[in-house]
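No value in this document is a laboratory result; all are computed from the given coordinates. Note that this is a predicted model, so its numbers are computed, not measured. Cβ placement follows ideal geometry from the backbone for every residue including glycine, while neighbour counts extend to all protein chains displayed.
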């Protein structure tokens, strides 16, 4: 049985491409490098890291592994903010009616679950999942933010978020 198992494994990996490496991130490698470099640059500065729009948590996991491997968890509290339930209806309507997007293309995040997401990150005690619409969330309720990664994918919440943080010149 063991020999048959090894033969099947060898065949599958060699001919079916089930073991082929793939890049599972929706963020470009240069963006991931920038985030890691910024975390390193600011690792001793007080303040938190805020990822807005986390989906399955691929970027969160990547950055959490970096923070953990560098033993910098104490100075790098991490807030992961998402609705964890697809997009807000008004934002979807705007994308379809004003930006000619297809609703089927925007429904890709309905699988998300706040409880499952939190469970997937339970080993990282410095990660705090917050279920909220980023356009409505009061960012004054969390530590001073030293780094934000905004990955919301929609125009209106992104615009609302920027208005909160941009200061007049």
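Worth pointing out:
- The C-alpha atoms of region 13-70 occupy a region whose extents along the principal axes are 51, 23, 20 Å, arranged from largest to smallest.
- Each peptide in 156-162, 48-54 receives the mean, over its residues, of other Cβ atoms within 10 Å, and ordering these scores from highest gives 48-54, 156-162.
- Rounded to the nearest 10 degrees, the angle from helix 58-69 to the longest Cα principal axis of the chain is 90 degrees.
- Nearest 10 degrees, 0 to 90: helix 89-99 Cα axis against the chain principal axis: 90 degrees
- Residue 145 paired with residue 4, simple spin-label distance in nm, labels 7 Å along Cα-to-beta-carbon: 5.7 nm
- Axis angle, to the nearest 10 degrees, between helix 155-165 and the longest C-alpha principal axis of the chain: 60 degrees.
- DSSP beta bridges confined to the chain are antiparallel in about 0 percent of cases.
- Helical content of the chain, expressed as a calculated mean residue ellipticity at 222 nm, amounts to -12500 deg cm²/dmol (DSSP H runs of 4 or more residues, -39,500 (n - 2.57) each, divided by residue number, nearest 500).
- Distance between the C-alpha centres of region 102-164 and region 11-31: 26 Å, rounded to the whole angstrom.
- Multiplying the residue separation of residue 97 and residue 23 by 0.36 nm and removing their Cα-Cα distance gives an extension gain of 23.4 nm.
- Prolate/oblate/rounded call for the chain, Cα gyration tensor, a/c under 1.5 rounded: oblate
- Of 30, 145, 67, the one that fluctuates the most in a GNM where the chain has Cα springs shorter than 10 Å: 30
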